[in-house]
Structures are given as structure tokens and as C-alpha cells.
Amino acid sequence: MIIDFHTHIFPKAFRNNREKYFQSETPFKLLYSSPGSHLVGAKELIASMDKENIDISVVFGFPWRHDKTFKMHNDFIMESIARYPQRLIGFCCIDPFNKKAVKESLRCLEGGLSGIGELAFYQSGIDKKTLSRLEPFMEICLDKDLPVLFHTNEPVGHHYAGKTPITMYQIYSLLKKFPKNKIVLAHWGGGIFFFNLLKKDVKESLENVYFDTAASPFLYDPDVYQIALQIVGPNKILFGSDFPLIKPSKYFKEFKEARLPKKIIEHFSGENAAKLLKL
């Protein structure tokens, strides 16, 4: 079974008139104002999955600031998994700073969604104020034993749309504050997995942390797979494509370039996700 842990889908209202949301949703404009940034619906995702031999995709929307907007997007996610119950698993996406976000998260999780994410703080990073606002959401997911997926990125290197001002210290503070939660860090966790080599403290903080591979072909050499495997082991890495940004086939090509054994690829591309999602 191949599970893509990181995909984005949007309802027609957003796909057909994205400019309508640029003024009130600055982060959305930051990521999707470029004509080359694609927005797809569930039907397009399923067609891609069939072509790429993906069995299941985890789908989520966008951390909209306005509650009416994230509610509309979450409704679309729930409608999509109801339409394709054997192919799609949905996460609830909100802005934790919105006063109605806690109520919305409960509505979504009770409505059949399987986690919260991708939470992203494109302009602030994960500062102390953000950590405080995350508390009720992390408590909800801890109580329900559901994962929370965070957008992270490397704090150095080239700039690109969606690269947040997050620091390694902020990522680590997140993990230290919520050590019992099952946390998925997108985009290799910004590289924090490397510090699992430290003898003290970090291994315990990363015990319940997973790393997805989203955007890896844009960011890292294929060697990252072997290096991450040596550092965190085969059970904490999740194949995520960030579709429609990158097609899954690019990752499968890199798996071969990295000379990953078949059993390791099976861990990365499905078994770890199935265990985390209790499939």
C-alpha cells in the first residue's frame, strides 16, 4: 500500500477565483499568487493517484485566517473523503489564532477527519505566543490520539514562496512543549532530525515525531533519505509529495537514486503512515 501523507485540494470557489482572497489572506497570496502555483480538486487528485499508483492520500486545505473560509474548506475536505472513502483521509486545517478555531477543530474531528494540519505560520514562525495558542488543539489531538502536522522549513538556504521565518529553536520548543503528541513535521522538519545524534535530551523530545518528505526534490539531494534513515531509523519517515506542487513519481525516482532497499521504501511509502493513522 502506498500512502501519500501530504497533499492539498481546494474547492472550486478557491480554484476559480483565487484573487478574491488575496487581500484578506496574505499568506494565501504569498503562496498562490504565482500563475504557476496549481490548485486542484479531489477529482484531479484521484486521477493523479490512479496514474501514479497511489492507494491513499492524506488531504488538507489551508490555514485561512477567517473562520468562514476555513470552515468552507474543511467542509470540502469532509465532502471529498465521503466521496472517496477508500482513497482519501482528511485533516482539519485552521488558524489557531482565530477564536472559532477550537470549535471548528472539534466539529471536523467529530465529523470524521483524522488529524489537524497542515498548520503553518508563514509570517511569524512558531514563537511563544503561537505555542500558547496551540495548547487547546494539541490537547484535543492528544486526547483523541490523533496526529498534528506542522509546516516547517530549513532556516538557511535559498528563499522561496512559503518559506517562513521559523528557527530551529522554535521547532525544538514546539516538540519540547508537546512531547506526548504525535507530531508530523513537514519538509523534513527543517532538518532538525540531524540533532537526534545528540546524546542528551533531543532523542526523548523526538520520540513521537515523524518527518514527511514533502518538497524534498526541490530542497535536498537524494542522499537525504539514507542520512535520515541512519539518524532516525526507518519508522519515522513518511512519504509526502506536496501534490500538486510535485508529482509522486519524482520521489520514487529519488528512492531509486538513493539506493533504498525495497523494505525501507515500503516503510517510507506506506507502512509508517498506516500505523500512524491506524489503518
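The values are calculated or read from the model by the stated rules, or taken from the named source; none is laboratory data. For clarity, every value in this text was computed on a predicted model and none was experimentally measured. Cβ sites come from the backbone with ideal geometry, for glycine too, and all protein chains shown count toward neighbours.
Quick notes on this structure:
- Within the stretch 198-209, residues that are at pLDDT 90 or above have Cβ atoms under 6 Å from residues that are polar (S, T, N, Q) and in a loop (DSSP other than H, G, I, E, B) in no pair, counting only partners at least 6 apart in sequence or on another chain.
- Test: residue in the stretch 40-59 that is modelled with pLDDT under 95 and under 19 Å from the mean Cα position of the chain (by Cα): no
- Condition check for Asp67: out of contact with any strand residue (DSSP E or B) (no Cβ under 6 Å at 6 or more places or on another chain), buried (at least 16 other Cβ atoms within 10 Å of the Cβ) and of a type in the set (D, E, K, R): yes
- Which listed residue, of Ser269, Ser241, is assigned to a helix (DSSP H, G or I), in contact (Cβ under 8 Å) with a residue 60 or more places away in the chain and either charged (D, E, K, R) or out of contact with any Leu (no Cβ under 6 Å at 6 or more places or on another chain) (or both): Ser269
- Against the numbered list (1) crowded, with 20+ Cβ neighbours inside 10 Å; (2) more than 16 Å from the chain's Cα centre (by Cα); (3) in a helix (DSSP H, G or I), Glu254 comes up short only at (1).
- Per-region count, the stretch 21-41, residues without any contact (Cβ under 8 Å) to a residue 12 or more places away in the chain and surrounded by fewer than 12 Cβ atoms within 10 Å (Cβ to Cβ): 3
- All positions within the stretch 168-197 that are of a type outside the set (Lys, Arg), in contact (Cβ under 8 Å) with a residue 40 or more places away in the chain and surrounded by fewer than 20 Cβ atoms within 10 Å (Cβ to Cβ): Ser173
- Restricted to helices (runs of 4 or more DSSP H) entirely inside the stretch 146-220, those with at least 2 residues that are within 27 Å of Leu31 (Cα to Cα) and under 19 Å from the mean Cα position of the chain (by Cα) are 168-177, 216-219.
- Helices (runs of 4 or more DSSP H) contained in the stretch 1-102 and holding at least 1 residues basic (Lys, Arg) and closer than 25 Å to Val148 by Cβ: 67-83
- Verdict on Pro165 being surrounded by fewer than 20 Cβ atoms within 10 Å (Cβ to Cβ) and out of contact with any helix residue (DSSP H, G or I) (no Cβ under 9 Å at 6 or more places or on another chain): yes
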